[in-house]
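Reading through the structure tokens given below for one structure.
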Amino acid sequence: MDLTVREAAGLLGVSDTSIYRWIRSGILPAHRIHDHYRLNRVSLQEWAASESLSVSPRLFAGGKTAGAGSGLCDALHRGGVFYQIPGSTRGDVLDALSRLPTIPATVDRRLLGRLLAGREPAGWTSAGQGIAIPHPRDPLVLRVEAPLLFLCFLEQAVDFDMQGGELARSLFFLLSPAVRSHLELLSKLAFSLHDAQLKGLVRQAAPQERILGRLRVLESHSPAFPGENNAASANP
């Protein structure tokens with residue numbers, strides 16, 4: 001799961017010098033093996049999210065869970081987009097999430113509710129503008145045939161203990177059959193939310209088809225997405 005400095009630099013789109021500077025200043029977590037630094041993939045995803053940096057979805061690409069149906073559009077189509085999720089507290093919202101109608105019958109909803117409520121405060125990361133995404137260290141691995149991605153627009157802004165005291169107005173959460181698929185989809189999601197058009201659609205609580213349409217463009221045309229039918233540009 002470890003990366004070299006050069007690999008990390010390529011995934012972040014920066015120079016090796018920047019990576020070394022961040023490591024030596026104590027900003028970027030890394031460990032040293034003999035005379036070389038190594039970076040953990042999960043820690044890099046976590047750090048990039050906290051610093052509002054874009055990291056390529058290739059970070060977790062190439063595992064056995066990748067393939068047909070592993071894209072964001074497929075996962076969001078299975079999970080769905082939901083509006084006016086009730087709740088004035090985090091507990092209320094998470095309880096509402098555990099009762100969403102598209103959660104598969106194989107999932108114990110009471111268990112899911114406990115897992116959601118039992119997460120550490122750091123279980124949610126801000127993607128900016130009130131958008132909360134799952135923390136990479138908190139995968140919800142349950143009995144599902146394929147990953148499901150849910151986008152939920154909240155009835156009111158709620159404190160999810162995100163950095164900077166930002167309140168959540170919308171949140172994504174994932175149900176995955178394996179840790180690898182969780183990490184791969186989360187990496188794609190975090191990368192996609194650096195797209196101004198997609199972020200604007202989420203901020204506006206746009207209709208599901210418009211959000212899916214933009215995700216489809218990003219997955220089909222961005223060279224950062226491995227294994228997709230990439231074309232020239234992410235602009236429609």
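Side notes on the structure shown:
- For the chain, the equivalent ellipsoid derived from the Cα gyration tensor has semi-axes of 28, 20, 18 Å, listed largest first.
- Near-label residues of segment 184-215 by backbone N, under 16 Å of a point 7 Å along Cα→Cβ of GLN84: 205-208
- Footprinting exposure proxy ranking of LEU151, LEU215, fewest other C-beta atoms within 10 angstrom first, gives LEU151, LEU215.
- Of the residues ILE133, ILE23, the one with the fewest other Cβ atoms within 10 Å heads the list, and the complete ranking is ILE23, ILE133.
- For the chain, the dipole from Cβ point charges (+1 on Lys and Arg, -1 on Asp and Glu) about the Cα centre works out to 220 debye, to the nearest 20.
- Dividing the summed -39500 (n - 2.57) terms of all DSSP H runs of n ≥ 4 by the residue count of the chain sets its mean residue ellipticity at 222 nm at -11000 deg cm²/dmol.
- A simple packing score, the average count of other Cβ atoms within 10 Å per residue, orders the peptides 183-189, 95-101 as 183-189, 95-101, with the highest score first.
- Rounded to 5, percent antiparallel among DSSP beta bridges of the chain: 70 percent
- With Cα atoms, 0 to 90° folded angle of helix 179-192 axis to the chain main axis: 90 degrees
- Once both labels are positioned 7 Å from their Cα atoms along Cα-to-Cβ, the gap between GLN204 and ALA105 label points is 3.9 nm.
- Percentage relative contact order, the chain, counting C-alpha pairs under 8 Å, at least six apart: 20 percent
- Arranged from fewest to most other beta-carbon atoms within 10 Å of their beta carbon, LEU39, LEU3 become LEU3, LEU39.
- The label point for ARG24 and the one for ARG114, both projected 7 Å from the Cα toward the Cβ, are 5.0 nm apart.
- For HIS135, residues with placed amide H under 5 Å, excluding near neighbours: TRP124, THR125
Here, each number is a calculation from the coordinates, and none is a lab measurement. These figures come from a predicted structure and were not determined experimentally. Positions of Cβ are backbone-derived with ideal geometry, glycine not excepted, and every protein chain shown enters the neighbour counts.
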